[in-house]
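Everything below concerns the one structure shown next.
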Amino acid sequence: MKKLLLASLFVLTLTSCGRDEAEIQTENQAVVSSSPSLNSILAKGSEKMSMTLVQVDRWYSYKVHKHFFGINTRPPGQSPNELDWKYEQVGFGLESAWVPGNSGSSVISMIHPKNLDNLLVTTAIERQSAESQGYIVIENLGYSINKDAMNASPVYRYFRPSKSGHLYTKNFAELGNGGNGWVYEGIAFYAY
């Protein structure tokens, strides 16, 4: 009995010392699987909501420690899969076309060819700034959602300086106000 108690305390101590990236990924998978899917959001229907949603896929590479978000474009090095990208989940949903009163700005996916950082921008100023730093446009993912639209959720933006990488998530609990080297940068846009 004492050995079991001692072993339990040892495991508890180890797990409370910090969360590694794999644990964060696993926790996020559990939260995503319990949250409503884009299909269930569409099924609810609303005169305010268009039926032109696109799913933005979320990928992760343990080799380069980067996230990638895309709808038609696969991560760099995907064919052959030299960078070992793993599909994680649908990151969020966007409007495929601008809808008056419901849609916000265009969400453009950009990538830095040297460090493979995937940056999502929503303004011309952000895009110009990123281009001046060497980022190139990959694709237009769609249109953000007006924050007052039915089922709109904030998409939080984080940056990890040590790996020069961005992360976008609807799950604030995934990284909260930052941690494990991630810096919270605020709400990037709203999505489904």
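The values are calculated or read from the model by the stated rules, or taken from the named source; none is laboratory data. No experiment lies behind these values; they were computed from the predicted model shown. Note: ideal-geometry Cβ built from the backbone for every residue, glycine included; neighbour counts use all protein chains shown. Accessible surface areas use protein heavy atoms only, side chains included; no ligands, DNA or RNA. Shrake-Rupley method; radii C 1.70, N 1.55, O 1.52, S 1.80 Å.
A compact table of results
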item: Sequence of LYS63, LYS170, LYS86 when ordered by accessible area, the most exposed leading, probe 1.4 angstrom; result: LYS63, LYS86, LYS170
item: Solvent-accessible surface (1.4 angstrom probe) belonging to ILE125, in square angstrom, nearest 10; result: 130
item: Amide hydrogen neighbours beyond the local backbone of ALA191, cut-off 5 Å, H modeled; result: ILE145, SER153, VAL155
item: Cα gyration tensor shape for the stretch 122-192, rounded if a/c is under 1.5, else prolate or oblate; result: oblate
item: 3J(HN,Hα) from dihedral phi, the stretch 116-127, Karplus parametrisation 6.51/-1.76/1.60, rounded to Hz, x for glycine, proline; result: 6, 5, 9, 10, 9, 10, 10, 10, 5, 5, 4, 5
item: Prolate/oblate/rounded label for the stretch 90-139 (Cα gyration tensor, a/c 1.5); result: oblate
item: Within the stretch 110-181, chymotrypsin sites (Phe, Trp or Tyr not before Pro) in DSSP loop having at most 14 other beta-carbon neighbours inside 10 Å; result: none
item: Protein accessible area in the stretch 105-192, 1.4 Å probe - carbon and sulfur %; result: 51
item: Protein-only accessible surface order, largest first, of TRP98, TRP59 at 1.4 Å; result: TRP98, TRP59
item: Cβ-based charge dipole, the stretch 112-192, positive-most Cα from GLN128, TYR168, GLY181; result: GLY181
item: Length released on extending from ALA173 to ILE125, taking residue separation times 0.36 nm less the Cα-Cα span; result: 14.3 nm
